[in-house]
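Here's the structure we're looking at; comments come further down.
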Amino acid sequence: MKKIALLGSTGSIGTNTLQIVDAHPEEFRVTFLAANSRVERLLEQAHKYRPGMVVIADESKYTLLRDGLKGTGISYAAGAKALEAAVRDHEADIVLNAIVGSAGLPATIAAAEAGRDIALSNKESLVMAGELINRLCEKNAARILPVDSEHSAIWQCLAGEAPKDVEKLILTGSGGPFLRRDPESFDSITPEEALRHPNWSMGKKITVDSATLFNKGLELIEARHLFHIEAERIAILIHPESIIHSMVQFRDGSVKAQLGVPDMKIPIQYALGYPGRLPSNWPRLDLAKTAKLHFEEPDIRRFPALRISREALEAGMTYPAVLNIANEKAVYRFLNREIGFPEIAKEVEKALEAHRPLDPCSRENILALAEML
Ligand code: NAD
Ligand code: MG
């Protein structure tokens, strides 16, 4: 029985994770739940799963949480600091971090410091502080188990392989909703259009990232830190059907790919069940029905996010952290209709140009940058 601390339990990854727990009551127990501000939803989950601890980041919801848990014996707290402390102190076997954005970073750091297994969905943590997190994991014998579907695919392809045999990683991406749209009309893209992803149902921030392709840029940086491989050996390939979730090419020319229906429950369950595989009853891939898979090179002119992300990764230092923060800020401004779609990439580039790089292994530097948001 693995005890799971689930951070971001009310979101898209969080609720998918709870469905996996429901399907495997013998394997998993949720002992900690945390979310941002949807207190009603969090209370419903607390009553159903009976964790030992519940934290809400939004302090204004404290009394609602307290009243809602009265008589249950469940411990509770509110605020970002309380969340960070609870992640450090709570004895879970695995911390699944499904908080969205840079707000997820302190929890990843706390879990790494506590030497936990971290099923990491919050890719932004690794983008902002990959060097620091890897160093903390090594020091405290913590492990990162990828949840992002591409990285789960690569992880599965690497099973049983020696690092010296790996030639390159091939990250696949659907290309998002604007793969075929005339770039001349990108100015008029509305948040509603950007939120209509062709293959995946996800939270708003990552859905917009998937439309600009910053998501693929963040994943490039995430892959670099997860698999300790140089940026030049990570390729990006557009694959609109999202059936091949990524691939690894080896030095003998052989290529391994991981395939499946686009459903985040598969990579989440793989991370939770690792090193084994658990059964499931979700729909199976039917390649005869899919019939055709397509591939193409990404168009850097149409999606400058890919070029900007690669440049930030190559520049190193705190450039990737700034890329992440500036992107996050711009995404919410776009969702609030304060800026247009093409401005997202422009704002990120401006922030990178203005940045004076700092030591990326300093916890204080990175957290201070995160607070600039
Ligand atoms: P979401 O918006 O659906 O959910 C976000 C969750 O984070 C919510 O539970 C919310 O309460 C919580 N949260 C937000 N701010 C918080 C804060 N300050 N403190 C504590 N909790 C906070 O997002 P999502 O789509 O589930 O994505 C979560 C993470 O997983 C993101 O980093 C995303 O990039 C990554 N991811 C998501 C998918 C997907 O299919 N949804 C796929 C791959 C990776
Ligand atoms: Mg992904």
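The values are calculated or read from the model by the stated rules, or taken from the named source; none is laboratory data. In this text, all values refer to a predicted model and were calculated from it rather than measured experimentally. Note that we place each Cβ from the backbone using ideal geometry, even for glycine, and neighbour counts take in every protein chain shown. Keep in mind that these areas ignore ligands, DNA and RNA; they rest on the heavy atoms of the full protein, side chains included. Shrake-Rupley method; radii C 1.70, N 1.55, O 1.52, S 1.80 Å.
Key figures for this structure:
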| item | result |
| --- | --- |
| Elements of type helices (runs of 4 or more DSSP H) in the range 260-373, at least 2 residues being touching a residue at least 60 places away in the same chain (Cβ under 8 Å) | 265-273, 304-315, 319-335, 341-354, 363-371 |
| Contacts under 6 angstrom Cβ, first residue in the range 245-257 being among the aromatic types (Phe, Trp, Tyr), partner assigned to a strand (DSSP E or B), 6 or more apart | Phe250/Glu167 |
| Those residues of the range 215-226 which are away from ligand 2 (no atom under 12 Å from the Cβ) and open to solvent by less than 10 Å² (accessible area, probe 1.4 Å), in sequence order | Ile221 |
| Complete set of residues in the range 57-84 that are within 24 Å of the chain's Cα centre (by Cα) and either touching a residue at least 40 places away in the same chain (Cβ under 8 Å) or open to solvent by 40 Å² or more (accessible area, probe 1.4 Å) (or both) | Ala57, Asp58, Ala80, Lys81, Leu83 |
| From the options Arg88, Arg135, Arg180, Arg143, residue that is open to solvent by 10 Å² or more (accessible area, probe 1.4 Å), out of contact with any strand residue (DSSP E or B) (no Cβ under 6 Å at 6 or more places or on another chain) and within 28 Å of Ile243 (Cα to Cα) | Arg180 |
| Condition broken by Arg301, with the remaining ones in (1) within 23 Å of Arg180 (Cα to Cα); (2) buried (at least 17 other Cβ atoms within 10 Å of the Cβ); (3) among the basic types (Lys, Arg) satisfied | (2) |
| Failed condition for Ile118, given (1) at negative phi; (2) outside any helix (DSSP H, G or I); (3) surrounded by fewer than 23 Cβ atoms within 10 Å (Cβ to Cβ); (4) not polar (S, T, N, Q) | (3) |
| Residue match in the range 92-103 (condition: out of contact with any Asp or Glu (no Cβ under 7 Å at 6 or more places or on another chain), within 16 Å of ligand 2 (Cβ to nearest atom) and either open to solvent by less than 10 Å² (accessible area, probe 1.4 Å) or in a helix (DSSP H, G or I) (or both)) | yes |
| Residues of the range 121-132 satisfying the condition of being open to solvent by less than 10 Å² (accessible area, probe 1.4 Å), in contact (Cβ under 8 Å) with a residue 40 or more places away in the chain and among the small types (Gly, Ala, Ser) | Ala129, Gly130 |
| Which numbered condition Val54 misses (of (1) within 18 Å of the chain's Cα centre (by Cα); (2) in a strand (DSSP E or B); (3) of a type in the set (A, V, I, L, M, F, W, C); (4) crowded, with 24+ Cβ neighbours inside 10 Å) | (1) |
| Count - residues of the range 131-153 that are in a helix (DSSP H, G or I) and within 16 Å of ligand 2 (Cβ to nearest atom) | 5 |
| Extreme residue, farthest from Ala103 (Cα to Cα), among residues of the range 170-207 that are within 14 Å of ligand 2 (Cβ to nearest atom) and part of a helix (DSSP H, G or I) | Thr207 |
| Any hit, the range 190-209, residues being under 16 Å from the mean Cα position of the chain (by Cα), among the acidic types (Asp, Glu) and at pLDDT 95 or above | yes |
